[in-house]
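In what follows, a single structure is set out as structure tokens and then discussed.
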Amino acid sequence: MSRRIGEVMTAGPRALPLDATLYEAARIMRDQGIGDVLVTLAGRLCGVITDRDIVVRGVADNRDPAHTPLSDVCTAEPITLGPDDDTDTALRLMREEAVRRLPVVDDQNRPLGIVSIGDLVIADGAGANVLCDISRAPPSL
């Protein structure tokens with residue numbers, strides 16, 4: 001049975017402005033035990049930075065984490081959901097885009113939360129097959 005994203009998302013996602021550094025994002029990820037930070041411009045979502053982005057697009061490319069802005073390595077214009085979307089939509093988008101989490105935004109594109117495959121598995125057990133599909137997908141850069 002499908003549920004509303006607003007019911008299953010993790011509210012209050014961590015976010016940093018577009019000009020914050022990789023170092024700042026990495027510190028938040030470490031301190032909060034999370035794998036991603038939303039990237040904003042004037043309070044509106046404009047990207048997502050993951051721990052993998054920091055390693056693959058930052059460190060492996062010999063970028064200085066203390067001076068490299070998130071704008072240089074984040075995934076711009078991520079696929080998003082609204083709080084009234086349903087879990088079936090989230091699962092479909094995760095499968096199609098081969099992603100494990102999706103930002104949840106309001107109608108002004110301001111971050112409200114984030115929904116992960118784990119959230120969906122806990123909510124209705126439907127995320128397990130999607131995780132298998134995503135795990136088989138080629139890595140994105």
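We did not get these values from a lab; they are worked out from the coordinates using the rules stated. Everything quoted here is computed from the prediction, not taken from an experiment. With ideal geometry, Cβ positions are generated from the backbone for all residues, glycine too; neighbour counts draw on all protein chains shown.
Kindly write out, for the stretch 26-34 in residue order, the coupling ³J(HN,Hα) from the Karplus curve 6.51 cos²θ - 1.76 cosθ + 1.60 (θ = phi - 60°), rounded to whole Hz, with x marking Gly and Pro.
4, 5, 4, 4, 5, 5, 9, x, 10
At 222 nm, what value in deg cm²/dmol follows for the chain if DSSP H runs of at least 4 each add -39500 (n - 2.57) and the sum is divided by all its residues, to the nearest 500?
Calculated at 222 nm, the ellipticity per residue is -8500 deg cm²/dmol.
Which one, P111, V55, A25, is farthest towards the positive end of the dipole of the chain when Lys and Arg carry +1 and Asp and Glu -1 on their Cβ?
It is V55, whose Cα lies furthest towards the positive end.
Could you put E24, E97 in order, starting from the residue whose Cβ has the fewest other Cβ atoms within 10 Å?
With the fewest neighbours first, E24, E97 line up as E97, E24.
Please state the Cα pair-distance histogram of the stretch 5-136 with 10 angstrom bins from zero: what percent is in each bin?
Reading upward from the zero bin: 13, 43, 34, 10, 0.
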